[in-house]
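Colleague: Take a look at this one; I'll ask things after.
The values are calculated or read from the model by the stated rules, or taken from the named source; none is laboratory data. Note that the structure is predicted; figures quoted are calculated from it, not measured. Don't worry about glycine lacking a Cβ; one is built from the backbone with ideal geometry, like all the others, and counts go over all protein chains shown.
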Amino acid sequence: MGSHGHSALRGLLVGSVTNSVLAQTKTPILILRHRETPPADSLKVGIAVDGSKFGREAVKYVLRHRSLFGENPQITLLHVVTDFAGALMPDMAGIALPAYSEEDIRSMQKKAFEAAVSKVRKLFEKAGVKPVEVCLAGNAGDELAAYAKKKKLDVMVMGSHGYGAFKAAVMGSVATRVAHTSEAPLLLVRHA
């Protein structure tokens, strides 16, 4: 399906076919923006996981349908952790100080990454696939779209919660954000 790349709110207000389909479909959907369908030979595939059943479904889909991604796809497993940029607390003089040390932040990020990725590692091991694991920090939608562009991914795969168009526009959805900002094709897999 093609997409103009309107924001979720603009798509809600002016009517976005892509937003409507995203909210209602129960089958995987490939969203293309400004690019043709990826070539059939070995693709560079990014799979975003967040530790939820939705991320696991995306991994399961890719592993079950590996032939869709070419003979020997290069799979990168991605998770975005909080960057804790706004984690400040006032000291006695009322001056904002970091609430956590850099070591504390790295430790919390590492734990969050492990919690999300460890749940799908066994699926890859069972399938005999060794993905590259990448930890990103910041806003998940923005970081995933930027990574896909920087690494020239042929396709980004994500699980979807299946929010309706209104809830996605008001509350935000990482999948919706990536769908509207990423130049790489996005394959959204709904939880069965």
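Colleague: Identify, please: which residue in segment 107-120 is of a type outside the set (A, V, I, L, M, F, W, C) and surrounded by 13 or more Cβ atoms within 10 Å (Cβ to Cβ) and is, among those, farthest from residue 77 (Cα to Cα)? Full working, then the answer.
Modeller: To start, the set of residues in segment 107-120 that are of a type outside the set (A, V, I, L, M, F, W, C) comprises 107, 109-111, 114, 118-119.
Filter once more, keeping what is surrounded by 13 or more Cβ atoms within 10 Å (Cβ to Cβ): 109, 114, 119.
Numbers: 109: 16, 114: 12, 119: 12 Å.
Looking at residues that are of a type outside the set (A, V, I, L, M, F, W, C) and surrounded by 13 or more Cβ atoms within 10 Å (Cβ to Cβ), I get 109.
Colleague: Of everything in segment 59-83, what is polar (S, T, N, Q) and over 11 Å from residue 47 (Cβ atoms)? Give them in sequence order.
Modeller: 67, 72, 74, 82
Colleague: Continuing with this model, one more query. Can you tell me how many residues in segment 139-192 are outside any helix (DSSP H, G or I) and either within 18 Å of residue 43 (Cβ to Cβ) or at pLDDT 85 or above (or both)? Show your work before the answer.
Modeller: Filtering segment 139-192 down to residues outside any helix (DSSP H, G or I) leaves 139, 151-164, 172-173, 182-192.
Next, from what is left, pick out any that are either within 18 Å of residue 43 (Cβ to Cβ) or at pLDDT 85 or above (or both): 139, 151-159, 182-189.
The number of residues fulfilling the criteria is 18.
Colleague: May I pose another question? Which pairs do you get when a residue that is of a type in the set (Lys, Arg), found in segment 129-141, comes within reach of a residue that is part of a helix (DSSP H, G or I), reach meaning Cβ atoms under 9 angstrom, with the pair 6+ apart or on two chains?
Modeller: Between residues of segment 129-141 that are of a type in the set (Lys, Arg) and residues that are part of a helix (DSSP H, G or I), the close pairs are 130/124.
Colleague: Conditions first: (1) within 17 Å of residue 82 (Cα to Cα); (2) in contact with a Lys or Arg (Cβ under 8 Å, 6 or more places away or on another chain). Residue 134 passes all but one, so which condition is the exception?
Modeller: (2)
Colleague: Tell me, which helices (runs of 4 or more DSSP H) lie completely within segment 1-104 with 2 or more residues that are modelled with pLDDT of 55 or more and surrounded by 19 or more Cβ atoms within 10 Å (Cβ to Cβ)?
Modeller: Values: elements: 8-14, 17-24, 53-64.
Filter on segment 1-104 gives 17-24, 53-64.
Colleague: Something else now. Taking the criterion of being among the β-branched types (Val, Ile, Thr), within 23 Å of residue 179 (Cα to Cα) and surrounded by fewer than 14 Cβ atoms within 10 Å (Cβ to Cβ), would at least one residue in segment 133-143 satisfy it?
Modeller: Within segment 133-143, none of the residues are among the β-branched types (Val, Ile, Thr), within 23 Å of residue 179 (Cα to Cα) and surrounded by fewer than 14 Cβ atoms within 10 Å (Cβ to Cβ).
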